[in-house]
Structure formats: C-alpha cells, structure tokens
1. Can you tell me the orientation of helix 2-17 relative to the chain, as the angle in degrees between its alpha-carbon axis and the longest Cα principal axis, to the nearest 10?
2. Note down the accessible area of HIS47, probe 1.4 Å, to the nearest 10 Å².
3. Excluding same-chain residues fewer than 8 positions from LYS125, which aspartates and glutamates have a Cα within less than 14 Å of its Cα?
4. Write down the accessible area per residue of the chain in Å², having rolled a 1.4 Å probe over the full set of protein chains.
5. Quick one: dipole size for segment 17-105, taken about the Cα centre, charges +1 on Lys/Arg Cβ and -1 on Asp/Glu Cβ, in debye to the nearest 20.
6. Just the number, please: carbon plus sulfur as a percent of the accessible area of segment 114-184, 1.4 Å probe, no ligands or DNA/RNA counted.
7. Rank TYR148, TYR236 by accessible area, highest first, at a 1.4 Å probe radius?
8. Build a GNM of the chain with springs between Cα atoms under 10 Å: which of LYS255, LYS53, LYS217 gets the top mean-square fluctuation?
Amino acid sequence: AIIKEQAQKRRREHVVELEIAMQRLGSKIVELHNVVKKFPEKTILDHFSYVFKRGERVGIVGKNGTGKSTFLNLLTGKIAPDAGKIIIGETVQFGYYTQQGIEINPQEKVIDVIKKYGEYIPLLKGRTLSAAQLLERFLFDRKKQYDYVEKLSGGERKRLYLCTVLIQNPNFLILDEPTNDLDIATLTVLENFLQGFAGPVLTVSHDRYFLDKVATKILAFENGTIRPFFGHYTDYLDEKAFEAEATSQVQKAEKEKVVKVREEKKRMTYQEKQEW
C-alpha cells in the first residue's frame with residue numbers, strides 16, 4: 001500500500017510538472033478561407049477552408065507527394081497561397097519540428113545549443129522547467145548535456161533539435177514526421193509532454209500507433225482534396241477499408257449484371273437479337 005501510494009504521488013508530481021503556462025492564445029488562432037494552391041502537375045488545395053481551435057489535436061495523413069509539406073509551409077507563411085486567405089492570430093507562436101532540422105555547430109556543448117533558444121519554460125503557479133530539466137526529461141542526463149554535439153548520434157541530434165523547438169514555449173505545435181527520426185523512448189516522452197500542452201498540435205505521420213495517441217481528428221490528403229475526419233487514424237483507416245469493400249461489391253455486382261445480359265443475348269433467337 002505504501003509503495004502504491006508513493007507511485008501515485010510521483011505520478012501526480014509528474015503531471016503537475018508538465019502543466020505548461022504557455023503564451024496566451026487569442027480567440028483567433030489560424031484560419032484558412034477558400035485557399036487555393038496549385039502547381040503545374042497537381043492541385044494541392046482547391047478552395048479549402050478550415051478554422052483551428054484551441055487544444056485541437058489534428059493528424060495529417062496521405063501518400064507522399066500529395067502536398068502535406070506544402071500545407072505546413074502555407075500555414076507557417078513560408079509560401080503564399082494562389083488565392084484565398086490565411087489568417088494567423090496575433091498571439092500565435094509556432095513551434096515547427098521539420099524534417100530538415102537545424103544547423104548545429106559540432107563544437108558546441110548540448111546545453112549551450114538549447115540555451116541559445118531559451119533558458120526555461122514557464123509552468124503554472126510561477127514555477128519553471130529549466131533548459132537542463134527539459135533536456136533531462138528528453139533523456140539527456142547531466143553528463144550528456146556537457147558533451148560536444150559531434151559526439152551525438154543522428155537520433156540524439158534530432159532529439160536535441162526537438163528540445164530547441166519546445167524550449168521556445170510555442171502555443172501552436174507542428175510535428176512533421178517525428179516518428180522517422182525519434183526513437184520509441186523519446187516519442188513516449190513527447191506523448192506525455194503533449195498531454196500538458198494546451199495549444200493546437202498538428203502532426204504529419206504515417207505511424208498509426210503514434211497518431212492514435214496524439215490526434216483525435218484527421219485531415220486526409222486524398223487525390224487533390226482534403227477530407228476532414230473526426231476520430232482516430234485507426235477509425236479513418238477502418239472507414240476507408242469499409243468504403244473500398246463497398247465499392248468492390250458494387251463493381252462486382254455491375255460485372256455480374258453485364259455477364260448475365262451477355263448470356264441472355266446469347267440465348268436469344270435471331271429475331272429477339274434484332275429487336276434487342
């Protein structure tokens with residue numbers, strides 16, 4: 001009973017520590033109104049409208065080349081739409097974890113890299129999570145924090161990059177394919193971190209397990225259209241499979257109908273065929 005009580009106490013403390021006092025979000029967050037974006041070979045957005053809400057957890061899915069990265073670049077103002085309007089609220093501060101990452105000086109120490117982006121994250125009740133504590137939470141122990149970046153593996157560099165995004169205390173987080181670079185242990189820590197994050201989170205991923213954990217709504221890029229789906233990624237995939245099966249059954253029935261007509265025509269007399 002004592003051990004159980006201590007474990008629950010530790011869990012409660014852990015949750016409290018993650019109550020981030022992020023920068024205030026105004027009533028306007030990000031709004032897309034009749035947005036059009038086309039390239040010579042394909043249309044990405046065709047009069048697409050969407051309003052992001054506070055605390056929303058959105059997963060973006062679709063095959064490679066369907067325009068997911070273009071959509072993120074439109075949102076963050078890196079490229080402009082051909083038509084329509086994208087309104088970004090004045091209080092919005094994006095935290096954008098890209099696939100490219102950032103240039104890091106290999107001769108710098110881990111702790112110095114993160115401190116260039118921020119010293120701490122404010123928590124509720126006037127407390128703070130320091131850069132060192134954030135690194136520790138993301139599996140860089142105190143000794144590792146004073147290692148030079150050149151000693152880090154590729155995965156550790158990506159983990160450090162994620163910390164540089166989070167230390168800036170964004171209030172709208174965008175994660176572009178995090179499961180490509182981050183190991184399972186880091187992704188688990190990230191899931192826990194997101195539980196205490198009150199702003200919108202937009203995640204691009206093909207990873208069903210991770211998306212089911214971090215997204216409750218899907219924007220599916222399907223052949224030049226974006227289909228909003230309310231539910232987890234697994235629910236969306238189940239619905240797609242059901243639709244494919246229904247379409248297959250209809251096509252099968254049509255095929256059988258054509259075969260039946262042909263057989264009936266074969267059995268007709270010459271006069272009946274002429275009338276047909």
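The values are calculated or read from the model by the stated rules, or taken from the named source; none is laboratory data. All values derive from a computational prediction rather than experimental measurement. All Cβ positions, glycine included, derive from the backbone under ideal geometry; neighbour counts span all protein chains shown. Note: areas computed on protein heavy atoms with side chains; ligands, DNA, RNA excluded. Shrake-Rupley method; radii C 1.70, N 1.55, O 1.52, S 1.80 Å.
1. In the chain, helix 2-17 runs at an angle near 80 degrees to the longest axis.
2. Near enough 120 Å² of accessible area.
3. Those aspartates and glutamates meeting the cut-off are GLU13, GLU17, GLU19.
4. On the way: 16060 Å² over 276 residues.
Value returned for the chain: 58 Å² of accessible area per residue.
5. It comes to approximately 260 debye.
6. On segment 114-184, the fraction of accessible area on carbon and sulfur atoms equals 48 percent.
7. Working: TYR148 95, TYR236 15 Å².
If we order TYR148, TYR236 from most to least accessible, we get TYR148, TYR236.
8. For the chain, modelled as a Gaussian network with Cα springs under 10 Å, the answer is LYS255.
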